[in-house]
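Bear in mind these aren't lab numbers, they're just calculated from the coordinates by the rules spelled out. Everything quoted here is computed from the prediction, not taken from an experiment. Cβ atoms come from the backbone with ideal geometry, glycine included; neighbour counts cover every protein chain shown.
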Amino acid sequence: MTWDGWDGFVLLWCAAWGGVALVGYGRSLAGMTEAQRTVRLTGRIERVREPRHGGSRKGGISVVVSYRDPVSGQEVTVTNDGERGEMITSAWKGREIEVSHPRDRPHAYRFSDTAAQPDRGTGLPNAAVFLAYAALVILVSVRQGWPWALIGFCGPWALLGIAYLPGAVRERTPRLSTLAAMDTTRGRIIAVLQDITVDQDDSHTSTTITPVVSFATREGTAVTAHCTSHLADPATAYGREVTVHHTSHNPVEFTLDRVAEHRSSTWDLALHVLMIVVLATAAVVGVALL
Amino acid sequence: MTITTGSPPTHDTPADLARGLVTGGVIGASVTAFVSGCVIEKTSLIVMGLLIAAVYALAFFLATLPRRAREAAVAPRTALAMIESLEAVGGESSDVPVQFDLTVAPDDSPAYRVEVRQDVNLVELADYRPRGIVVVEYPPDRPWKARIVRRPTPEWEQRAAGARLDSAPGPVMRSDPVQGWAGGLLTLLGLLLGTAAVLVPYRADLFGADASRAAPRPSVSSSSSTTTVTSATGTITLGPGRSMLGQNELRSSVESLTRGHRRQALSVVVQDRMLTVVFSPTGVRSTGFDPRSLPFDRVQPLVEEATTTLGVGSPHSWQLTADGLTGSVTLRIVVTGAAGTGTLEADGQGKVTRRSSS
């Protein structure tokens, strides 16, 4: 089997994904994507139900949320039962949370734990462009030599990394200031959630441990949150008293170890720079080997 | 919007059976085409295997789109239900599948019985007891698709806490239709038909190649030529009075040696009445070339050129060797005469690249 026989297939692949991308961008421009047709509302957590020790993390922290229906003007009360979008991992009474649903289908509501920018629905066409581009790079690499693979794959990623570097540097400074200005309070591990999954093929069992911490802010807000890092021996942490550092205005940003968080922030930036260096070097090596 | 309540499917409908047959056929055909294409190194067959699966998946997606959109547009209703009985039906993870027999009591319609299966976390399993009250949701047009709400709103939680329900008489609706043996059998039949639909047209390529690799073919002799094909080589010796330089002799000889399989050759050696093809070992392709791609029309002029221009005197014999060891096909013609030996080399298109004599 020669590579020549695959050329048609690769070009067909590129044409198909190119078509998908064009249709996707067209729909986005016309405002017809599902993301653009989504109704976005602000809800408020009315009640936080305490997780049961030993239970599952699936579905996140159980909450009751109310929001005002823009059509009827009435207050609607819902819960995060079943598949309801993003998992809520930090909750307190009064927290604002995004509730979204497709137009004309309020019963298909979903929550968003983090406030995101309105989506233009270009995720699918972007993925289609990437698949077509990857196929083209492979085709060129096989025909013209493997250095093209280094250029084609590492070059754009290096450029993307460089483009995002100033933002990462800018974000680090306020992040460090936030860490330094955090309030400190006492908290308690009120539950350790345990999810056991069994691999159907080899019967391998894997267990996910998710401790849940509860703490009160200086203003008296009782926060319940999943706490998956900086806690030693999480499986036996039930009932343990811990020190919690959190930002006063947004308790979603909390940590049990400020120093580790500071270190992690530095490492993140270093890793970012290292990745750029590695990718750029690979692309340059590719050019040199042509 | 008017919502019509249907009746639950109790067994596989003809449409389900037909879909099972077609799905089995598509799986059989696509997998067989893909694997066969890899075995006989036929790109079109590999692509066909992938396309069959992709087109069927797309057609299935588009065909079910209206139904899914219709179902998604229906707002579910909430009701109280009483657990008649429950049974954990296995599971090794922290969520176990539980079979519930429920009496669902909607506010605005008669109570009904339904059997549903739902995963319940082990820690929460004790919350569900016979005669216990739970909150359920169901699509009004398909009440048998009821689902227990684990996290009801405070209003429904309060209603469930103080509610007392009576059992409804049967029949019990089931959310999952009973899988009959006919459905599985038809899917299997489709799988076999799909596999056969690909294997039968390509049986010669698939099994002919295997047969030639597995065991050497016996020699076939005729009045004009002798053919011997083994797993490693193929040789044809022409009968007296014929030459490989004759009209179409070389081309037809090569084709007769490679008929039924598409193996690459390591080298091709041609003498006046004899052709030998040394095949690449199975699975090794990097150094081989397709012997049918030789420039057959150029062989006779090249031999003639070698015998007349290299100054070897009256020639006694010639031999053409073609190999692809350097990546591209090279033809080497060695002529031996009274005055010495001459070599002429040409590329894969039959263009002379080097001449030498000694």
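Excluding B:Ala168 itself, calculate the net charge of residues whose Cβ lies under 13 Å from the Cβ of B:Ala168, where each Lys or Arg counts +1 and each Asp or Glu counts -1.
Computed value for this residue: -3.
Using the Cα atoms of region A:39-112 to build a convex hull, what is its mean projected area in square nanometres?
Computing the convex hull of the Cα atoms and averaging its projections yields 4.6 nm².
What full-extension length gain, to one decimal in nm, is calculated for B:Glu255 and B:Ser357 as 0.36 nm per residue of separation minus the Cα-Cα distance?
Extra length available between B:Glu255 and B:Ser357 comes to 33.5 nm.
Please go through region A:93-144 and write out the chymotrypsin sites (Phe, Trp or Tyr not before Pro) that DSSP classes as loop and that have at most 10 other C-beta atoms within 10 Å.
Here no chymotrypsin sites (Phe, Trp or Tyr not before Pro) fit, given the DSSP loop and packing criteria.
Sort the following peptides by mean Cβ neighbour count (other Cβ atoms within 10 Å, averaged over residues), highest first: A:22-32, B:182-192. Don't jump to the answer; show the numbers that get you there.
Working: A:22-32: 14.1, B:182-192: 17.0.
Ranking the peptides A:22-32, B:182-192 by packing returns B:182-192, A:22-32.
Pull up all non-local amide H partners of B:Val120: gap of 5 or more, or a different chain, and H-to-H distance under 5 Å with H placed in the peptide plane.
B:Val96, B:Val98
Fully extended, how many nm does the chain gain between B:Arg68 and B:Val172 (0.36 nm per residue separation, minus their Cα-Cα distance)?
Values: separation 104, 0.36 × 104 = 37.44 nm, distance 2.54 nm.
Full extension from B:Arg68 to B:Val172 adds 34.9 nm.
Per residue of A:198-205, what is the mean number of Cβ atoms on other protein chains within 10 angstrom of that residue's Cβ?
Shielding by partners across A:198-205 averages 1.
List the trypsin sites (Lys or Arg not before Pro) in region A:103-162 that DSSP assigns to loop (not H, G, I, E or B) and whose Cβ has at most 10 other Cβ atoms within 10 Å. Which are they?
On the way: sites: A:Arg103, A:Arg110, A:Arg120, A:Arg143; in loops: A:Arg103, A:Arg120.
For trypsin sites (Lys or Arg not before Pro) across region A:103-162 that sit outside H, G, I, E and B with at most 10 neighbouring Cβ atoms in 10 Å, the list reads A:Arg103.
Work from the charge dipole of chain B (Cβ charges, +1 for Lys and Arg, -1 for Asp and Glu, about the Cα centre) and give the residue of B:Leu191, B:Thr307, B:Leu45 farthest towards its positive end.
Projecting each Cα onto the dipole axis, the largest value belongs to B:Thr307.
For labels at A:Lys58 and A:Ala181 in the simple 7 Å Cα→Cβ model, what's the distance in nm?
My value for the distance between the label points is 4.2 nm.
Mean separation of Cα pairs under 8 Å and 6+ residues apart, divided by the residue count of region B:236-358: what relative contact order is that in percent?
Here the relative contact order equals 21 percent.
Using 1/(1 + (r/R0)^6) with R0 = 45 angstrom and r between the beta carbons of B:Asp127 and A:Ala163, what's the FRET efficiency to the nearest 0.05?
Computed FRET efficiency for B:Asp127 and A:Ala163 comes out at 0.30.
Loop-only GluC sites (Glu not before Pro) in region A:231-290, please: DSSP not H, G, I, E or B, and at most 16 other Cβ atoms within 10 Å. List each step's numbers first, then the result.
Working: sites: A:Glu241, A:Glu253, A:Glu261; in loops: A:Glu253.
Answer by residue number: A:Glu253.
For the pair B:Asp272 and B:Arg117, how long in nm is the line joining their label points, each one 7 Å along Cα→Cβ?
Placing both labels 7 Å beyond Cα along the Cβ direction yields 8.0 nm.
Based on the Cβ-Cβ distance of A:Val284 and A:Ser248, what FRET efficiency does E = 1/(1 + (r/R0)^6) give at R0 = 60 Å, to the nearest 0.05?
Plugging the Cβ-Cβ distance into 1/(1 + (r/R0)^6) gives 0.80.
May I ask you to evaluate 6.51 cos²θ - 1.76 cosθ + 1.60, the Karplus curve with θ = phi - 60°, for each residue of region A:173-179 and list the ³J(HN,Hα) values in order in whole Hz, giving x for glycine and proline?
Karplus values, whole Hz, x for Gly and Pro: 4, x, 5, 5, 5, 4, 4.
Need one value for A:45-58: mean number of C-beta atoms belonging to other chains within 10 Å of its residues' C-beta atoms. Show your work: numbers first, answer last.
Details: counts 0, 2, 2, 0, 2, 0, 1, 4, 1, 5, 5, 10, 0, 5.
So the per-residue partner count for this stretch is 3.
Given H placed on each backbone N at 1.01 Å, which residues far from B:Ser357 in sequence or on other chains put an amide H within less than 5 Å of it?
Here B:Thr343 satisfy the definition.
Taking the highest mean first, how do the peptides B:63-73, B:102-112 order by number of other beta carbon atoms within 10 angstrom per residue? Don't jump to the answer; show the numbers that get you there.
On the way: B:63-73: 10.6, B:102-112: 16.6.
With the highest mean Cβ count within 10 Å placed first, the list reads B:102-112, B:63-73.
What are the ³J(HN,Hα) couplings of region B:334-350, residue after residue, when phi is run through the Karplus curve with 6.51, -1.76, 1.60 and θ = phi - 60°? Round to Hz, x for glycine and proline.
10, 10, 10, x, 5, 8, x, 10, x, 10, 10, 10, 9, 8, x, 9, x
With point charges of +1 on the Cβ of Lys and Arg and -1 on the Cβ of Asp and Glu, referenced to the Cα centre of chain B, which listed residue (B:Ala69, B:Ser225, B:Gly324) lies farthest in the positive direction of the dipole?
Final value for the positive-end residue is B:Ser225.
Pop out the ³J(HN,Hα) list for region A:257-271 in order, Karplus 6.51 cos²θ - 1.76 cosθ + 1.60 with θ = phi - 60°, rounded to Hz; leave Gly and Pro as x.
Couplings: 9, 5, 5, 5, 5, 4, 5, 4, 4, 5, 5, 4, 5, 4, 5 Hz.
Taking chain A as a Gaussian network, Cα atoms linked when under 10 Å apart, which of A:Thr205, A:Thr33, A:Thr173 shows the biggest mean-square fluctuation?
In this elastic network of chain A, the residue with the biggest mean-square fluctuation among A:Thr205, A:Thr33, A:Thr173 is A:Thr205.
Just subtract the alpha-carbon distance of A:Asp201 and A:Asp7 from 0.36 nm times their residue separation and send over the number in nm, one decimal.
66.2 nm
So what are the protein assembly as shown's ellipsoid semi-axes, whole angstrom, largest first, if each one is the square root of 5 times an eigenvalue of the alpha-carbon gyration tensor?
Output for the protein assembly as shown: semi-axes of 70, 36, 22 Å.
For A:Ala127 and B:Ala54, what does the FRET efficiency come to when R0 = 22 Å and r is the distance between their Cβ atoms, rounded to the nearest 0.05? Before the final figure, lay out each step's value.
On the way: r = 16 Å, r/R0 = 0.73.
E(calc), rounded to 0.05, equals 0.85.
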